[in-house]
Amino acid sequence: MRRPVSATASGRRSGRLPTLVDAHFNRALQINHGAIGRYGRRRSGGWHSDRWHRIGRLNGNECWVGPFDPGVQAAASKLTLCNFYRPNDEYPEFLSAVAEIERVPLETVLPWPGSSDPLSRAVVTFCSPTRGIVTANPGFELPWWTADWVGAKISKVPLTSDYRHDVKAMLAADPNAGLTGTNTPLEDIEWLLSNKPAGSIVLVDEAYIHFSNAKPASYLVAQGKDVLVLRTFSKLFGMASMRMGISMAPKALHDKMMRYDGRQQSGTLPLPSLACATASLKQPALIAQRKAEMIAARNATFDHLQNKRLSYIPSDANMFMVDWKRPAKDVVALFEQNDVAIGRSWDIWPTISRITVGSAANMEKFCSVVDKII
Ligand SMILES: Cc1ncc(COP(=O)(O)O)c(C=O)c1O
């Protein structure tokens, strides 16, 4: 069984806080400047121009529609209460909903503004210049950037020939590190937990699990393992800029991640987002319907790629990889000229692009551009 994209990071800290030197701050400035450049810049034609509104955005693994109606209504009902940090029981209601659905103890659940914060925070907490991070390659870059900032050794291990995490090679890559996982069967994650160095953690990033039929890893949290499971509302729930995420982990592990802000980030979330997330979680029929819609659009696209004899990596998520057999950046430009934005490639796979699965109409447009340019 495949696991949707997950990134795992870990390592052990000696209990001492890392000594931050000028190089750390300079590196942070570089990263921040990069982000300001990335997000502040207008794309060719401008993100806000008509062109970018009608363009097929198949580049960011966003959802093709916004939050579910019950979520929108719940969010709207909280807007006029936003003068308060915690007007009612919004936090306990969110935590109880997660604990009940995931069957994990209440005290193992924390809310976040998206899952990027706990992902980076885990690296800051558990990695150090003497404790590295091991991830699959390709993988989500954020933990690499954070590990670079922390000064931790980064080991990137290629996926297996059938695109799973190669957990044995990952353990061998840096026996002094903690471990990482993406597209990994649960048996492999269990193997990793049994064989990893004492004191390290396994981080399972289940950002795309709601699109998959795979069993989630949250049961490992309920078993008290050294595991941190991350979720986001940015994907299937269509809440990317509402910023909501979840981490599930044994309390002692979460406590370590709180050392520098005393739960401030986790405990002061935008109220409408919190209410929207709680209401959305309780919509199994809508979740199943959106998942089925995505799978149908993805399957239709796979059929088209097969007919074109293009090779792609089947996926369990709202994204897949296509091998153009030529530099991916050239193909990205061709798609852009045809009003479709496709995703990035990785150094390890320079001819392969990541494509987000959008609506059925988005994917028809994608296929028509494939026909035109390939
Ligand atoms: C694998 C993975 N993890 C985490 C994230 C972070 O998303 P967010 O911070 O919106 O929850 C992303 C975003 O695309 C992702 O692809």
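The values are calculated or read from the model by the stated rules, or taken from the named source; none is laboratory data. Remember, it's a predicted structure, so these values are computed and weren't measured experimentally. Cβ placement follows ideal geometry from the backbone for every residue including glycine, while neighbour counts extend to all protein chains displayed. We work out accessible area using only protein heavy atoms, side chains counted, and drop any ligands, DNA or RNA first. Shrake-Rupley method; radii C 1.70, N 1.55, O 1.52, S 1.80 Å.
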*For the stretch 183-193, indicate whether the set of residues that are within 15 Å of the ligand (Cβ to nearest atom) and either of a type in the set (D, E, K, R) or buried (at least 23 other Cβ atoms within 10 Å of the Cβ) (or both) is non-empty.*
yes
*Considering 288, 328, 317, 292, which residue is in the same structural domain as residue 368 (by TED's automatic domain parsing), over 19 Å from residue 368 (Cβ atoms), hydrophobic (A, V, I, L, M, F, W, C) and at pLDDT below 95?*
317
_Suppose the filter is small (Gly, Ala, Ser) and in the same structural domain as residue 221 (by TED's automatic domain parsing); does residue 252 pass it?_
yes
*For residue 92, state whether it is open to solvent by less than 10 Å² (accessible area, probe 1.4 Å) and not β-branched (Val, Ile, Thr).*
no
*asked:* I need a count of the residues in the stretch 343-363 that are open to solvent by 40 Å² or more (accessible area, probe 1.4 Å) and touching a residue at least 60 places away in the same chain (Cβ under 8 Å).
replied: 5
_Is it the case, given these coordinates, that residue 281 is open to solvent by 10 Å² or more (accessible area, probe 1.4 Å), within 16 Å of the ligand (Cβ to nearest atom), on the phi < 0 side of the Ramachandran plot and modelled with pLDDT of 95 or more?_
yes
*Hey, among the residues in the stretch 213-233 that are part of a loop (DSSP other than H, G, I, E, B) and away from the ligand (no atom under 16 Å from the Cβ), which one's least open to solvent (accessible area, probe 1.4 Å)?*
224
*So which pairs qualify, if the first residue must be in the stretch 162-175 and closer than 17 Å to residue 194 by Cβ, the second must be open to solvent by 30 Å² or more (accessible area, probe 1.4 Å) and of a type in the set (S, T, N, Q), the Cβ gap must be under 9 Å, and the two must be at least 6 apart or on different chains?*
165/183; 167/195; 168/195; 171/195
*asked:* Quick check on the stretch 157-165. Is at least one of its residues open to solvent by less than 10 Å² (accessible area, probe 1.4 Å) and either outside any loop (DSSP other than H, G, I, E, B) or hydrophobic (A, V, I, L, M, F, W, C) (or both)?
replied: no
*Quickly run through the stretch 267-278 and pick out the residues that are hydroxyl-bearing (Ser, Thr, Tyr) and crowded, with 17+ Cβ neighbours inside 10 Å.*
273, 278
*Can you tell me which residue in the stretch 171-189 is farthest from residue 161 (Cα to Cα), limited to those that are among the hydroxyl-bearing types (Ser, Thr, Tyr) and modelled with pLDDT under 60?*
180
_Could you tell me how many of the residues in the stretch 301-337 are over 23 Å from residue 160 (Cβ atoms), surrounded by 15 or more Cβ atoms within 10 Å (Cβ to Cβ) and among the charged types (D, E, K, R)?_
1
*State whether the residues of the stretch 233-255 include one that is of a type in the set (Ser, Thr, Tyr), free of Cβ contacts under 8 Å to residues at least 12 places away in the same chain and closer than 22 Å to residue 61 by Cα.*
yes
_Enumeration of residues in the stretch 113-139 that are in a strand (DSSP E or B), within 15 Å of the ligand (Cβ to nearest atom) and open to solvent by less than 20 Å² (accessible area, probe 1.4 Å)_ = 133, 135, 136
*Evaluate the stretch 143-156: report whether one residue or more is within 13 Å of the ligand (Cβ to nearest atom) and surrounded by 21 or more Cβ atoms within 10 Å (Cβ to Cβ).*
yes
*Quick one: which helices (runs of 4 or more DSSP H) lie wholly within the stretch 1-112 and hold at least 3 residues that are at pLDDT 60 or above and more than 25 Å from residue 257 (Cβ to Cβ)?*
50-54, 69-78
_Being among the β-branched types (Val, Ile, Thr), in the same structural domain as residue 292 (by TED's automatic domain parsing), at pLDDT below 95 and buried (at least 17 other Cβ atoms within 10 Å of the Cβ) is true for just one of 369, 340. Which residue is that?_
340
*Within the stretch 234-254, which residues are assigned to a strand (DSSP E or B) and near the ligand (Cβ under 9 Å from one of its atoms)?*
245
_Just to be sure before I move on: is residue 295 surrounded by 13 or more Cβ atoms within 10 Å (Cβ to Cβ), β-branched (Val, Ile, Thr) and more than 21 Å from residue 120 (Cβ to Cβ) in the structure I sent?_
yes
